[in-house]
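**Student:** Starting off with a structure, shown below.
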Amino acid sequence: MRYHRLKYRLCMQHSFDGRIDNKHHHLIEIEIAARQISEDFMEFASMDSILKEVFDQYQHQYLNDFPEFRGNTSIEHMGEVFYRKVKDALEKQHWKFARFEISETPLRVYAIVEETF
């Protein structure tokens with residue numbers, strides 16, 4: 001099988017206790033793997049534009065301001081929220097989701113895998 005793998009960097013801020021005076025910055029790296037469902041050739045640009053549409057609203061933002069992150073801005077919760085958004089967006093555009101990884105450091109990675117490749 002053939003897959004596309006893209007990485008996306010999300011600069012964001014959050015606080016674990018919801019207090020704005022305790023906010024701090026992170027550079028989160030997200031890696032997504034997906035394959036084409038249709039026989040037509042799709043370029044990286046197609047997948048890239050889908051991911052930008054999902055993530056750009058969060059770029060350089062304070063995540064606690066978003067309803068989906070109020071009360072929980074852990075890397076695991078971010079992973080679950082972003083995974084659902086990415087999977088839905090990709091599958092609407094004829095991509096089959098395979099793997100999602102989110103990390104705050106190269107040594108701390110949260111992954112969701114649906115297909116192995």
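**Student:** How big is Rg to Rh over the stretch 22-73, alpha-carbon atoms, Rh as the Kirkwood inverse-mean-distance radius? Don't jump to the answer; show the numbers that get you there.
**Tutor:** Values: Rg = 15.0 Å, Rh = 13.6 Å.
That ratio equals 1.10.
**Student:** Looking at (i) 1.30; (ii) 0.95; (iii) 1.10, which value of Cα Rg over 2.2 N^0.38 Å comes from a calculation on the structure shown?
**Tutor:** Correct label is (iii).
**Student:** Let me ask another. Determine the order of Thr105, Thr73 by accessible area, beginning with the largest, at a probe radius of 1.4 Å.
**Tutor:** Details: Thr105 55, Thr73 5 Å².
Heavy-atom accessible area, descending, gives Thr105, Thr73.
**Student:** Collect residues whose amide H, placed 1.01 Å from N in the peptide plane, falls under 5 Å from the amide H of Gln61; neighbours closer than 5 in sequence don't count.
**Tutor:** Answer set, sorted by chain and number: Gln13.
**Student:** Identify which of Ile37, Ile75, Ile102 has the largest mean-square fluctuation in a Gaussian network model of the chain, with springs joining Cα atoms closer than 10 Å.
**Tutor:** Most flexible of the set in this elastic network: Ile37.
The values are calculated or read from the model by the stated rules, or taken from the named source; none is laboratory data. The model shown is predicted, which means the values in this text are computed figures rather than measured ones. These accessible areas exclude ligands, DNA and RNA; they are computed on the full protein's heavy atoms, side chains included. Shrake-Rupley method; radii C 1.70, N 1.55, O 1.52, S 1.80 Å.
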